[in-house]
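The values are calculated or read from the model by the stated rules, or taken from the named source; none is laboratory data. These figures come from a predicted structure and were not determined experimentally. Heads up, the Cβs are rebuilt from the backbone with ideal geometry, glycines too, and the neighbour counts pull from every protein chain shown. For the accessible areas, the whole protein counts, side chains as well, though only heavy atoms, and no ligand, DNA or RNA atoms are used. Shrake-Rupley method; radii C 1.70, N 1.55, O 1.52, S 1.80 Å.
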Amino acid sequence: MKTKTALSILFFIVLAAGIGCQSTINPHEEDVTGEKLFQLAYEETDNQNYDKALSYYRVFQERFPEDITGNLWATYEIAFLYHKKGNDNKALDLFNELLRRYEEEDGAQLPQAPRILAEKVIQNIKNDE
């Protein structure tokens with residue numbers, strides 16, 4: 001009987017620990033910052049929950065359209081996630097959309113890292129074809 005009780009207690013401890021590690025943040029709450037949305041997206045990507053990560057980046061884009069740098073990175077990350085999911089056509093469309101942003105009048109003032117990374121992934125995709 002003691003073993004059964006001990007196993008039950010152990011089960012509930014493990015269950016509680018697992019629940020405690022899960023994110024309980026609602027991304028649509030007003031006080032969720034852009035940084036927190038990116039953090040949640042990175043965590044979901046690390047756990048290979050790509051669709052959930054995509055949703056966090058999309059929420060970021062909806063809630064913070066004025067954050068140009070953040071949106072460039074979100075677009076890059078979304079495209080990269082489609083690549084990781086095996087949908088290279090969608091990834092290429094999004095990477096090219098990102099690159100078109102750099103062709104606009106203010107493109108030279110934008111952070112260059114998303115452009116450089118997008119170009120490298122596009123080249124890798126083309127080399128794998």
Options Y42, Y76: the member that is touching a Leu at 6+ places or on another chain (Cβ under 9 Å), in a helix (DSSP H, G or I) and at pLDDT 95 or above: Y76
Output for region 116-129, where each listed residue is open to solvent by 60 Å² or more (accessible area, probe 1.4 Å), free of Cβ contacts under 8 Å to residues at least 40 places away in the same chain and under 21 Å from the mean Cα position of the chain (by Cα): I116, E119, K120, N124
Unique match (being out of contact with any strand residue (DSSP E or B) (no Cβ under 9 Å at 6 or more places or on another chain), surrounded by fewer than 14 Cβ atoms within 10 Å (Cβ to Cβ) and closer than 24 Å to N127 by Cβ) among E35, E105, E97, E30: E97
Odd one out for E66 among (1) open to solvent by 60 Å² or more (accessible area, probe 1.4 Å); (2) at pLDDT 90 or above; (3) assigned to a helix (DSSP H, G or I): (3)
Counted residues, region 38-63 - those being open to solvent by 30 Å² or more (accessible area, probe 1.4 Å), aromatic (F, W, Y) and in contact (Cβ under 8 Å) with a residue 24 or more places away in the chain: 1
Tally of residues being part of a helix (DSSP H, G or I) and either among the basic types (K, R) or over 19 Å from E62 (Cα atoms) (or both) across region 83-94: 8
Hits in region 97-118 (condition: part of a loop (DSSP other than H, G, I, E, B) and among the acidic types (D, E)): E103, E104, E105, D106
